[in-house]
Amino acid sequence: MRLRFIFSEIGIGLRRNLSMTISVILVTFVSLTFVGVASLLQTQIGKMKDDWYGKVEVAAYLCPSHSTAPTCAAGEVTPDQMTKIKAALEQPEVAPYIQQPIYFESKQDAYASFEKRFAGDFMASLATVDDMQASFRIKLADPTKYQVVADVLSGVQGVEQVQDQRQLFDRMFLIMDRATLLSGGLAAVMLLAAILLITTTIRLSALSRRRETGIMRLVGASNLFIELPFMLEGAIAATIGAALAVGALWAGVKYLVVDWLGSSVQWIPYVTTADLTRLAPLLVVIGILLAAISSVVTLNRYTRV
Amino acid sequence: MIRFENVTKVYARGARPALDRVSLDVERGEFVFLVGASGSGKSTFLRLVLREERASAGRVWVAGKELGTLSSWKVPHMRRRIGAVFQDFRLLPTKTVFENVAFALQVIGKPRHHILTTVPDVLEMVGLAGKEKRRPHELSGGEQQRVAIARAFVNRPDILLADEPTGNLDPTTSLGIMRLLDRINRTGTTVVMATHDDEIVDQMRKRVVELDTGSLVRDQSRGVYGSDR
């Protein structure tokens, strides 16, 4: 009896304020979609870092024949200088940070990989072995400890430049972080709008049923019994909104990221629908929390004993 | 059943008290008229019994409970022992007669079979048998008040509070309502009725409590409306 009665009350409430109910659903939908996008972007960044930081190296480019760098004043790097550089990298203070062996890429090696990469390109065919630059490729045990290696090698004769490949990615990660921030900011604004809208909806609903709630109080209905239909109304609308958000994110991840991006740019590890499966319950919980917070704030004022 | 001990109620700070040190005892099964001009404190008295308001000073007991110390989550249970009817009936226009009465039982979680047996009984008692499916606007004022009384009485309360129940009704219809309240009183229910209707008070010859600007000025068994008549 109780349950059936409560559900019929909820049905009446939702139908009576249909346009408000729809707007609550839409606002929750949009806000939670932004929350989801922000979270997925962060997941994406995490995945790329995991994948790439393991592969990236620090490249110590050795002096070519015509370089203006002060450490290259003696001209092209000599075998003697190279031995010294190698020794510097093998000294005990630095060695623990470096994965042995250190790979040496000669000019011939560089040329070979260059040719392979730009096969068939006319401009590339003009390049010669002497245009290439020899380098030490150093894999770090901990990719964040780049500075240690850079300090050891900078200023050493024969090293033109030390480059951390990580920097190339960092700009991209920065862009993605900014996008996360933007999406998170929009999510916050929309969440606020959602709370205000749910509050208003519940208030309208409570006011339009003041006669009923008045009689309920009079005949001794418990507070929970009086407030539950209103709370559930908000919760149901918010849950539908959350479900729509999950659906939209799923479609986005499936068709946009996995199917489209995944087939055109294949070397990036993308977020998958599995990541979304982990995220979905969280979004639903946020939606329900939104409704719960709004209900508690509103109902205390409008249906109190 | 109802006991007021030096009860004062002040709504706004500094304003004249709506009730001023009122002490009163109503025994189980009594029928009490609460009379007095508008603003004399009759409604405040009833609201204090229902604990819609709390006393500013003094103590109120209803059905053995001291309302000042009653925690608010117990208030609903206390109210289940009180029925209340009003001048404006307060029926739900979208529900039928049966549903209006059943509503009072549904919202306190009574089982379905209980509702299906109790509601027809009480409708029969108030003289509305056969009109279960009407809606309030299809009924006369007197009939609407009977629905309200049925709703107040369906849970067999210990106390029935009536705030000018005949205020909107003509004398003949009022008389019918009074007979009904009298019948309810005879089942052992304590009835407290606030009214302006001197004819009814004079006819019934019940206990009369008179309030004047918040003070209790007369408490007379088998009394009449005006003390100087």
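The values are calculated or read from the model by the stated rules, or taken from the named source; none is laboratory data. Given the structure is predicted, the values throughout are model-derived calculations rather than measurements. Here the Cβ positions follow ideal geometry from the backbone for every residue, glycine too, while neighbour counts run over all protein chains shown. We work out accessible area using only protein heavy atoms, side chains counted, and drop any ligands, DNA or RNA first. Shrake-Rupley method; radii C 1.70, N 1.55, O 1.52, S 1.80 Å.
Which one is nearest to A:VAL37 (Cα to Cα), of the residues in region A:237-280 that are among the polar types (S, T, N, Q) and in a loop (DSSP other than H, G, I, E, B)? Checking each candidate, the answer is A:THR272. Could you tell me how many of the residues in region B:68-80 are more than 12 Å from every other protein chain (Cβ to nearest Cβ) and touching a residue at least 12 places away in the same chain (Cβ under 8 Å)? Residues in region B:68-80 being more than 12 Å from every other protein chain (Cβ to nearest Cβ) and touching a residue at least 12 places away in the same chain (Cβ under 8 Å): 1 in total. Among the criteria (1) within 14 Å of another protein chain (Cβ to nearest Cβ); (2) without any contact (Cβ under 8 Å) to a residue 40 or more places away in the chain; (3) out of contact with any Leu (no Cβ under 8 Å at 6 or more places or on another chain), the one A:ALA188 does not fulfil is (1).
Residue under question is A:ASP131, and the condition is that it be open to solvent by 30 Å² or more (accessible area, probe 1.4 Å) and in the same structural domain as A:TYR97 (by TED's automatic domain parsing); does it hold? Even if it seems obvious, please write down each step before you answer.
On the way: open to solvent by 30 Å² or more (accessible area, probe 1.4 Å): yes; in the same structural domain as A:TYR97 (by TED's automatic domain parsing): yes.
Taking the combined requirement at face value, the residue satisfies it.
Take the conditions (1) open to solvent by less than 50 Å² (accessible area, probe 1.4 Å); (2) charged (D, E, K, R); (3) at pLDDT 80 or above; A:ARG203 misses just one of them, which is (1).
Entry remark, region A:173-192: residues being surrounded by 15 or more Cβ atoms within 10 Å (Cβ to Cβ) and among the small types (Gly, Ala, Ser) number 4 in total.
Can you work out which of the residues in region A:66-81 that are open to solvent by 50 Å² or more (accessible area, probe 1.4 Å) and assigned to a helix (DSSP H, G or I) is modelled with the lowest pLDDT? Show your work before the answer.
Let us first name the residues in region A:66-81 that are open to solvent by 50 Å² or more (accessible area, probe 1.4 Å), namely A:66, A:68, A:70, A:73-74, A:76, A:78-80.
With assigned to a helix (DSSP H, G or I) added as a condition, the list becomes A:70, A:79-80.
On the way: A:PRO70: 77, A:PRO79: 81, A:ASP80: 82.
Among those residues, the one meeting the criterion is A:PRO70.
In the condition set (1) modelled with pLDDT of 80 or more; (2) β-branched (Val, Ile, Thr); (3) surrounded by fewer than 16 Cβ atoms within 10 Å (Cβ to Cβ), A:ILE138 is compliant with all but (3). Checked against the criterion of being buried (at least 19 other Cβ atoms within 10 Å of the Cβ), within 14 Å of another protein chain (Cβ to nearest Cβ) and assigned to a helix (DSSP H, G or I), region A:281-300 contains not a single residue that satisfies it.
Can you find even one residue in region B:37-44 that is of a type in the set (A, V, I, L, M, F, W, C) and at pLDDT below 95? Break it down into steps so the answer makes sense when it comes.
The initial filter retains those residues of region B:37-44 that are of a type in the set (A, V, I, L, M, F, W, C), namely B:37.
Those still in the list that are at pLDDT below 95 too: B:37.
Yes: one or more hits.
Residues that are surrounded by fewer than 21 Cβ atoms within 10 Å (Cβ to Cβ) and over 30 Å from B:VAL224 (Cβ atoms) do occur in region B:82-93. Region B:121-229 holds helices (runs of 4 or more DSSP H) entirely within its bounds, and those carrying 3 or more residues that are over 18 Å from B:LEU92 (Cβ atoms), open to solvent by 30 Å² or more (accessible area, probe 1.4 Å) and modelled with pLDDT under 95 map to B:171-186, B:198-204. Counting residues in region A:48-59 that are among the β-branched types (Val, Ile, Thr) and assigned to a helix (DSSP H, G or I) gives zero.
Which of the strands (runs of 3 or more DSSP E) found entirely inside region B:1-70 contain at least 3 residues meeting this: of a type in the set (A, V, I, L, M)? Because the criterion is at least 3 residues that are of a type in the set (A, V, I, L, M), the strands (runs of 3 or more DSSP E) in region B:1-70 that meet it are B:19-26, B:31-35, B:57-62. Only one residue in A:ARG217, A:ARG211 is touching a residue at least 40 places away in the same chain (Cβ under 8 Å), within 14 Å of chain B (Cβ to nearest Cβ), open to solvent by 40 Å² or more (accessible area, probe 1.4 Å) and part of a helix (DSSP H, G or I), so which one is that? One residue alone meets the criteria, A:ARG217. When the test is whether a residue is out of contact with any helix residue (DSSP H, G or I) (no Cβ under 8 Å at 6 or more places or on another chain), more than 8 Å from chain A (Cβ to nearest Cβ) and basic (Lys, Arg), B:ARG54 does not pass it.
Report, by residue number, each residue of region A:141-159 that is within 18 Å of A:THR78 (Cβ to Cβ), touching a Phe, Trp or Tyr at 6+ places or on another chain (Cβ under 9 Å) and open to solvent by 60 Å² or more (accessible area, probe 1.4 Å).
Our first condition is that a residue be within 18 Å of A:THR78 (Cβ to Cβ); within region A:141-159, this holds for A:153, A:155-159.
Remaining after also requiring touching a Phe, Trp or Tyr at 6+ places or on another chain (Cβ under 9 Å): A:153, A:159.
Across region A:141-159, there are no qualifying residues.
If the condition is being at pLDDT 80 or above and open to solvent by 90 Å² or more (accessible area, probe 1.4 Å), then region A:93-112 contributes A:TYR103, A:GLN108.
Report yes if B:GLN144 is more than 13 Å from chain A (Cβ to nearest Cβ), under 19 Å from A:VAL219 (Cα atoms) and of a type outside the set (Gly, Ala, Ser), otherwise no. Considered against the rule, which asks whether it is more than 13 Å from chain A (Cβ to nearest Cβ), under 19 Å from A:VAL219 (Cα atoms) and of a type outside the set (Gly, Ala, Ser), B:GLN144 comes out as yes. The set of residues from region A:13-49 being open to solvent by 60 Å² or more (accessible area, probe 1.4 Å) and without any contact (Cβ under 8 Å) to a residue 60 or more places away in the chain comprises A:ARG15, A:LEU18, A:SER19, A:ILE22. The residue that is nearest to the other protein chains (Cβ to nearest Cβ), among those in region B:81-115 that are closer than 19 Å to B:GLY141 by Cβ and part of a strand (DSSP E or B), is B:ALA84.
Screening A:GLU76, A:GLU9, A:GLU57 for residues that are within 14 Å of chain B (Cβ to nearest Cβ), among the acidic types (Asp, Glu) and in contact with a Leu (Cβ under 9 Å, 6 or more places away or on another chain) leaves exactly one candidate, A:GLU9.
Filter region A:220-250 down to the residues that are within 11 Å of chain B (Cβ to nearest Cβ) and open to solvent by less than 10 Å² (accessible area, probe 1.4 Å) and list them by number. Matches in region A:220-250: A:GLY220, A:ALA221, A:ILE226, A:PRO229.
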